[in-house]
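The values are calculated or read from the model by the stated rules, or taken from the named source; none is laboratory data. Just so we're clear, the structure is a prediction, and the values are computed from it rather than from any experiment. Neighbour counts are summed over all protein chains in view; Cβ atoms, including those assigned to glycine, are modelled from backbone coordinates with ideal geometry.
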């Protein structure tokens with residue numbers, strides 16, 4: 001475990017060594033007053049003379065060592081924290097590099113709560129190990145061993161008597177460790193589940209309220225919290241007797257030492273001076289020992305967390321190259337694609353092509369694999385088998401930045417940052433001028449969004465664009481695509497939140513954006529794609545048929561069903577309507 005941590009320490013190991021040395025000095029200083037106490041008691045019981053000068057020296061020594069103890073402790077703690085936070089930074093940066101190499105879909109599947117716990121709570125918890133458990137644990141262990149050896153050297157019988165309670169304490173600790181390990185996996189799984197449910201409940205609160213689903217979703221939210229509480233309490237209840245045992249017995253050095261040691265002194269088998277010295281040294285062991293064992297359960301938890309951190313990121317990274325685009329054209333080809341979510345097949349031996357300068361549409365019932373193909377093209381995932389090419393070049397040979405420059409992806413799920421509208425559109429091309437951004441906004445029919453806002457295009461949209469409607473966010477997403485102006489345009493339900501009043505002008509804008517590009521569109525509104533040069537009908541992850549609207553309407557039962565449903569939905573109106 002220490003190797004796992006120290007590999008992230010870089011050049012900061014020196015600080016750790018210094019903090020360990022300072023912690024040792026601090027503990028030694030904390031033991032010296034016990035030795036001073038021995039000198040005073042020894043003179044009392046042996047009727048030796050004590051003058052004011054002797055007592056003054058004793059008092060000054062105790063005062064100085066207590067001051068030095070705190071100085072060494074605080075400076076050591078400062079160095080260990082600097083070391084710890086540098087290591088935490090390195091861990092986060094390392095995990096970020098691994099995270100960026102993982103499929104986006106895998107990260108989404110893990111959930112925001114799990115990722116938050118990994119990057120915040122779990123990494124922060126390692127700080128205890130780095131800043132406290134390692135330097136203080138090692139120093140307390142070394143000093144404990146030195147004191148035990150000293151007691152055995154003074155009188156091996158009295159030394160062993162002072163350690164008589166240790167076997168019981170160690171047995172209690174080992175039992176606690178075993179029970180704690182048993183509950184650890186369930187405890188952390190419950191914590192991750194609770195985090196995911198809390199985030200889901202907060203993000204979906206508006207929908208929950210609108211559809212009066214408080215009971216169901218609050219119940220799920222509450223259940224996860226209660227489950228985490230129960231797992232935590234169960235762990236504490238199971239380990240409480242063993243914790244109480246080892247805490248009491250580690251501090252019970254006088255349990256056998258005083259009665260048996262006194263008997264040996266009375267029988268003149270041991271000296272009273274040695275008994276007093278061993279008693280003082282044994283008493284000084286209580287604080288370092290309890291401090292030492294208090295870190296060991298943390299080591300158990302942190303070891304589990306380190307494994308979890310590595311396991312979360314221990315997923316097959318995306319197959320990414322570093323080549324520039326050298327394709328012959330901008331034709332997009334899916335060749336014998338197989339893909340599954342976990343063990344559920346979604347795309348099955350699928351082959352199709354979207355030609356440059358044409359609009360290609362994917363249609364099919366929910367779950368047919370349409371959006372999955374879009375995500376495979378923008379490299380959210382690698383296919384299980386087969387390949388995707390642009391102009392004959394496998395996208396896995398391209399760097400992510402190169403692929404990103406080739407494809408403008410307009411999804412139905414639009415994310416806006418808590419920045420101005422201007423900066424949210426500029427994401428499409430960070431080097432664009434303000435004039436370029438305004439032109440892209442005009443082409444995407446966005447001017448009406450901000451012309452009535454107090455700060456216009458500089459208005460901050462709020463968290464996740466909460467100040468804007470779904471349709472307004474969709475138009476900003478289209479403006480990004482205008483600004484990016486990539487040769488391949490991927491529209492995944494790009495009109496999902498556009499009202500009928502704006503649908504015509506947005507359609508015109510998209511048609512202008514699509515000129516001379518490879519356009520792939522996914523839409524439930526079949527009317528919007530019926531003029532596409534090629535329509536692929538997907539059914540359970542396979543291509544059922546393809547062609548023009550007129551051709552497949554007479555050929556495909558699936559397409560007929562979808563088209564008839566679309567016509568009926570347009571003709572539908574509430575009872576009493578005209």
TODO: Kindly indicate which of 367, 321, 357, 392 is over 24 Å from the mean Cα position of the chain (by Cα), within 28 Å of residue 425 (Cβ to Cβ) and surrounded by fewer than 17 Cβ atoms within 10 Å (Cβ to Cβ).
DONE: 357
- [ ] Provide a single number: the residues in the stretch 41-65 that are surrounded by 14 or more Cβ atoms within 10 Å (Cβ to Cβ) and under 30 Å from residue 21 (Cβ atoms).
- [x] 4
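Do we find a residue being more than 24 Å from residue 418 (Cβ to Cβ) and assigned to a strand (DSSP E or B) anywhere in the stretch 472-489?
Initial filter on the stretch 472-489 (more than 24 Å from residue 418 (Cβ to Cβ)): 485-489.
Filter again for assigned to a strand (DSSP E or B), leaving 488-489.
Yes, the stretch 472-489 contains at least one residue that is more than 24 Å from residue 418 (Cβ to Cβ) and assigned to a strand (DSSP E or B).
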Open item on the list: Given the options 89, 69, 108, 117, name the one that is under 21 Å from residue 137 (Cβ atoms) and in a helix (DSSP H, G or I).
Closed with: 69
TODO: Please tell me if residue 91 is in contact (Cβ under 8 Å) with a residue 12 or more places away in the chain and not assigned by TED's automatic domain parsing to the domain that holds residue 13.
DONE: no
Task: Restricting the stretch 454-467 to residues that are touching a residue at least 24 places away in the same chain (Cβ under 8 Å) and either outside any helix (DSSP H, G or I) or out of contact with any helix residue (DSSP H, G or I) (no Cβ under 8 Å at 6 or more places or on another chain) (or both), the residue that is surrounded by the most Cβ atoms within 10 Å (Cβ to Cβ) - done: 461
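Going by what's in this entry, would residue 93 be described as surrounded by fewer than 18 Cβ atoms within 10 Å (Cβ to Cβ), out of contact with any helix residue (DSSP H, G or I) (no Cβ under 7 Å at 6 or more places or on another chain) and modelled with pLDDT under 80?
Details: surrounded by fewer than 18 Cβ atoms within 10 Å (Cβ to Cβ): yes; out of contact with any helix residue (DSSP H, G or I) (no Cβ under 7 Å at 6 or more places or on another chain): yes; modelled with pLDDT under 80: no.
The answer is no for residue 93.
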- [ ] Test residue 333 against the stated conditions and say whether it is free of Cβ contacts under 8 Å to residues at least 12 places away in the same chain and either loosely packed, with under 15 Cβ neighbours inside 10 Å or not in a helix (DSSP H, G or I) (or both).
- [x] no
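For the stretch 408-430, name all the residues that are in a strand (DSSP E or B) and over 24 Å from residue 371 (Cα atoms).
Going through the stretch 408-430, the residues in a strand (DSSP E or B) turn out to be 408-411, 420.
Once the filter is applied, which keeps residues that are in a strand (DSSP E or B) and over 24 Å from residue 371 (Cα atoms), the stretch 408-430 yields only 420.
Answer yes or no as to whether residue 86 is farther than 30 Å from residue 257 by Cα, surrounded by 15 or more Cβ atoms within 10 Å (Cβ to Cβ), in the same structural domain as residue 292 (by TED's automatic domain parsing) and out of contact with any helix residue (DSSP H, G or I) (no Cβ under 9 Å at 6 or more places or on another chain). Break it down stepwise before answering.
Values: farther than 30 Å from residue 257 by Cα: yes; surrounded by 15 or more Cβ atoms within 10 Å (Cβ to Cβ): yes; in the same structural domain as residue 292 (by TED's automatic domain parsing): yes; out of contact with any helix residue (DSSP H, G or I) (no Cβ under 9 Å at 6 or more places or on another chain): no.
For residue 86, the condition - farther than 30 Å from residue 257 by Cα, surrounded by 15 or more Cβ atoms within 10 Å (Cβ to Cβ), in the same structural domain as residue 292 (by TED's automatic domain parsing) and out of contact with any helix residue (DSSP H, G or I) (no Cβ under 9 Å at 6 or more places or on another chain) - is not met.
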